[in-house]
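These notes are about the structure you will find just below.
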Amino acid sequence: VIVQNQPAHQTCQIGSNTGSAGTTATNGIIVACNPNTYSLGGTISGLTKDGLILNNGTDQITIVANSTSYVFGGAVADGSSYGVTVLQNPTGQICTIPAFGQQGQTGRSSGLMGAAKIENILVVCVNG
């Protein structure tokens, strides 16, 4: 038994695809399908100090000084919601995620994951 065509937005696998069919019906085939997952991240401008923590649900990442990009460790399933926020600012800096279309923002900080990775959510840090 094989999966000839994957369903949209999912990857399916056969639990056991070996053996032979006898003269009776075979009904012990297990097919497991899971939603495709994609990475979530973006770019950072102006970060000069350690201590920035970004959050997406239960997934948090700590960003070091002078970083210009980030990617969360956990992938987001196709069709699942995401929401990137600044959980903690570095000492002496204020970091924000501008609204779509503001300050060069081309990504949306929250929404539903589509069928591709998101790598364009901008985080802007300024001294303050």
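Take every DSSP beta bridge whose two residues both sit in the stretch 29-128, then give the antiparallel share in percent to the nearest 5.
80 percent
Translational diffusion coefficient of the stretch 32-74 at 4 °C, 1.567 mPa s, Stokes-Einstein with Kirkwood Rh over Cα pairs, in µm²/s as a whole number. Walk me through the intermediate numbers first.
Working: Rh = 11.7 Å.
In µm²/s, the coefficient rounds to 111.
What shape does the stretch 1-121 have by the C-alpha gyration tensor, where a ≥ b ≥ c are the square roots of the eigenvalues, rounded means a/c under 1.5, and otherwise prolate means a/b greater than b/c and oblate the rest?
Working: a/c = 4.31, a/b = 3.04, b/c = 1.42.
Prolate, because a/c is 1.5 or more and a/b exceeds b/c.
Starting from the Kirkwood radius over alpha-carbon pairs of the stretch 51-128, derive D by Stokes-Einstein at 25 °C in a medium of 0.890 mPa s and give it in µm² s⁻¹. List each step's numbers first, then the result.
Details: Rh = 13.1 Å.
After rounding, the answer is 188 µm²/s.
At what distance in nm do the modelled label points of Asn89 and Ala32 sit from each other, each positioned 7 Å from its Cα along Cα→Cβ?
Simple spin-label model gives 4.5 nm for this pair.
How much of the accessible area of the chain, in percent, comes from carbon and sulfur atoms when a 1.4 Å probe is used?
Values: 3880 of 7800 Å².
Taking all protein chains in place, the chain shows 50 percent carbon and sulfur surface.
Could you give the accessible area per residue of the chain, probe 1.4 Å, as a whole number in Å²? Mind dumping the intermediate values first?
Numbers: 7800 Å² over 128 residues.
Result: 61 Å² per residue.
What distance in nm separates the simple spin-label points at Leu112 and Gln10, each placed 7 Å from Cα in the Cβ direction?
It works out to 1.6 nm between the two label points.
The values are calculated or read from the model by the stated rules, or taken from the named source; none is laboratory data. Remember, it's a predicted structure, so these values are computed and weren't measured experimentally. Here Cβ is always computed from backbone atoms with ideal geometry, including for glycine, and neighbour counts include all displayed protein chains. The area values use the complete protein model at the heavy-atom level, side chains included, leaving out ligands, DNA and RNA. Shrake-Rupley method; radii C 1.70, N 1.55, O 1.52, S 1.80 Å.
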